[in-house]
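The values are calculated or read from the model by the stated rules, or taken from the named source; none is laboratory data. Note that this is a predicted model, so its numbers are computed, not measured. Note that we place each Cβ from the backbone using ideal geometry, even for glycine, and neighbour counts take in every protein chain shown.
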Amino acid sequence: MPSVTTGGLVVRQGVPQDAGALYELSQRAIHTSAAEHYSTAGLAAWVSRRSPEGHRRMLEQTYLLVAEADGAIAGFANLEAGTEAGAGVVDQLFVSPHSGGRGVARTLLDALEEHAVSQGMSHLDSHVSKRAIGVFERCGYRRVETERVTIDGEVLERYLARKQLPPGI
């Protein structure tokens, strides 16, 4: 995907050199943006599962888009194939705490959806944090079920959300 400018944001496909910056952004977003939705221990457990190498693998193995604003990374989201035919999974969506409210999440989700349709996907699923569910719902996703995941003995609540996509052209 070539870089596309939308509403002051530049959206481009991620490259392996972005791994460190994406890792740091996700850490900040979890500790800052999700802080009112999870306990301190829950946030620490969530963050403990992230690493620069994990972000590098994600960049190499999934379709990942980066949004930039004013020359800095404002957010990222990735898409991978689901386990059922026609399904895609929005695995991660993170927005810098300094870029919230600027349409970064919506821009990234719209771009992922456009790509998913071009790949023949019929719907997208995502396992969405309590912090992000409102964004997903405003973008047309619906809650399918409440999930609880245990990480290092901490139980974090999240939601399975799904969006039906229009048929590709």
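Among the residues in region 11-24, are any under 14 Å from residue 96 (Cβ atoms), at pLDDT 95 or above and touching a Lys or Arg at 6+ places or on another chain (Cβ under 8 Å)? Looking for residues that are under 14 Å from residue 96 (Cβ atoms), at pLDDT 95 or above and touching a Lys or Arg at 6+ places or on another chain (Cβ under 8 Å), one finds at least one in region 11-24, hence yes.
The residues of region 50-91 that are modelled with pLDDT under 90 and in a loop (DSSP other than H, G, I, E, B), listed by number, are 70, 71, 82, 83, 84, 85, 86.
Checked against the criterion of being in contact with a Leu (Cβ under 7 Å, 6 or more places away or on another chain), closer than 22 Å to residue 12 by Cα, assigned to a helix (DSSP H, G or I) and of a type in the set (A, V, I, L, M), region 131-146 contains not a single residue that satisfies it. Close Cβ contacts (under 9 Å, 6 or more residues apart or on different chains) running from residues in region 141-158 that are among the β-branched types (Val, Ile, Thr) to residues that are part of a loop (DSSP other than H, G, I, E, B) and surrounded by 13 or more Cβ atoms within 10 Å (Cβ to Cβ) are absent.
Against the conditions (1) of a type outside the set (A, V, I, L, M); (2) within 24 Å of residue 151 (Cβ to Cβ); (3) in contact with a Pro (Cβ under 9 Å, 6 or more places away or on another chain), residue 13 satisfies every one except (2).
Residue count for region 147-169 satisfying the condition of being among the hydroxyl-bearing types (Ser, Thr, Tyr) and touching a strand residue (DSSP E or B) at 6+ places or on another chain (Cβ under 6 Å): 1.
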